Amino acid sequence: MQRKVSLDLFLLNKYGELMDSLCNIFTEQIPYHVNFIDCFSRGSYSELDYEKEALNQKQFKKEFQKRKCKVHVPNVFDRFSARRVITTEWVDGVKLADAPVGQIRSLIPVGVELFLTQLLDMGKFHADPHPGNLYVTRDGMLCLLDFGLCAEVDERSRHAMTTAIVHLLQGDFDTLIAKDAKKLGFLPEHLDTTEIKPVLTKILTQGLLESGSSMQSRKRKLMEISSELNEVFFKYPFSVPPFFALVTRGLGLLEGIALSGDPDFDIFNASYPYARKRAVEIFGYTGLRKLRRQVTNIGA
């Protein structure tokens, strides 16, 4: 199995090298495909190592308990586990996606806070929260399974994502683009963002904030701003941080389940209360007030 996976990942890496070469020739984009695929490859190898998965599972259980998160993580039986097999506590329950609509709706805030706790606080997150890995126990508690695919986010990125969510929902696109995007690695630190701000502001406003919760509406909005998206990717040195692919994948899977219980669910509005609370924990109330007042007038 490992040899087959290695071959597939090797071919993907070669594809990434080709794409990066083409980007260097035809665009101003910073090459990111190889780093992107390398991040995916590390995650793929981790899923083949059940000792690593067991370690992840025990670590997440400890961190969730420390933060009093309302989630159940099954115990691991080390005595019956090894590199090619993992034995955990049996969980009676149903998949969250198959639970009654009312129960899904009641657990949505728990799921959102759980995801953001990992992303903005713990610095390590479960990157595979698909319907088969999210259960509801018999006593109505959310249960998280399968810790094979996990990723890490460094402290700088955690702080930048916290402030980015606050700035996005407060409409402070100047700071979001000129500072947060650079700290997260989407734009180079030295870039003057004066020219790119109007384009990114339109994308963020129409493509995210005003697109609603309907997938069809989002597709339509993204089609409407496709020329702006192409401009960003071809004209400017825009890059995608490797870990961000796993973040958006996890967020998309969680949002899909949430929408089945609440058609009006908005992932950004749902994220704001926790992001604001986390910003207070990091910067204090005085710091948060400064974030609100902060308006960037220059692109450096």
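So if we plug the beta-carbon distance of GLN59 and GLU224 into 1/(1 + (r/R0)^6) with R0 = 45 Å, what FRET efficiency do we get, rounded to 0.05?
On the way: r = 43 Å, r/R0 = 0.96.
The computed FRET efficiency comes out at 0.55.
Think of the chain as a dipole: +1 on every Lys or Arg Cβ, -1 on every Asp or Glu Cβ, centred on the Cα centre; then among CYS23, PHE80, ILE282, ILE282 lies furthest on the positive end.
Positive end of the dipole of the chain (Cβ unit charges, origin at the Cα centre): among VAL247, PHE36, MET122, the Cα lying farthest that way belongs to MET122. Taking the dipole about the Cα centre of the chain, with the C-beta of Lys and Arg at +1 and of Asp and Glu at -1, give me whichever of HIS190, VAL94, PHE64 is farthest to the positive side. Checked the options; the winner is PHE64.
Taking the chain as a Gaussian network of alpha-carbon nodes connected by springs under 10 Å, the highest mean-square fluctuation of the residues ALA127, ALA82, ALA97 belongs to ALA82. Taking square-rooted eigenvalues a ≥ b ≥ c of the alpha carbon gyration tensor, is segment 112-200 rounded, prolate or oblate, where a/c under 1.5 means rounded and, failing that, a/b exceeding b/c means prolate? Prolate.
For the chain, the 222 nm mean residue ellipticity estimated from helices alone, with every DSSP H stretch of n ≥ 4 adding -39500 (n - 2.57) and the total spread over all residues, rounds to -18000 deg cm²/dmol.
Excluding ligands, DNA and RNA, what is the solvent-accessible area per residue of segment 232-287 at a probe of 1.4 Å, expressed in Å²?
Numbers: 2460 Å² over 56 residues.
Value returned for segment 232-287: 44 Å² of accessible area per residue.
Only protein heavy atoms count here; under a 1.4 Å probe, TYR50 has an accessible surface of about 80 Å². Taking PHE244, PHE26, PHE147 as the candidate residues, the one with maximal mean-square fluctuation in a Gaussian network model of the chain, Cα springs under 10 Å, is PHE26. Measure up LYS62/LYS183; LYS202/LYS235; LYS70/LYS95 against 20 Å on the Cα-Cα distance and list the ones that go over. LYS62/LYS183, as the Cα separations exceed 20 Å there.
From the alpha carbon centroid of segment 236-282 to that of segment 83-156 is 15 Å.
The apolar share of the surface of segment 30-72, taken as the fraction of accessible area on carbon and sulfur atoms (1.4 Å probe, ligands and nucleic acids excluded), comes to 54 percent. Using only side-chain charges placed at the Cβ, +1 for Lys and Arg and -1 for Asp and Glu, the dipole size of the chain relative to its Cα centre rounds to 700 debye.
The values are calculated or read from the model by the stated rules, or taken from the named source; none is laboratory data. As the structure is a computational prediction, the values presented were derived from the model and not from experiment. For neighbour counting, all protein chains shown are included, and Cβ atoms are generated from backbone atoms with ideal geometry for every residue, glycine included. Areas reflect the complete protein model, heavy atoms only, side chains present, ligands, DNA and RNA absent. Shrake-Rupley method; radii C 1.70, N 1.55, O 1.52, S 1.80 Å.
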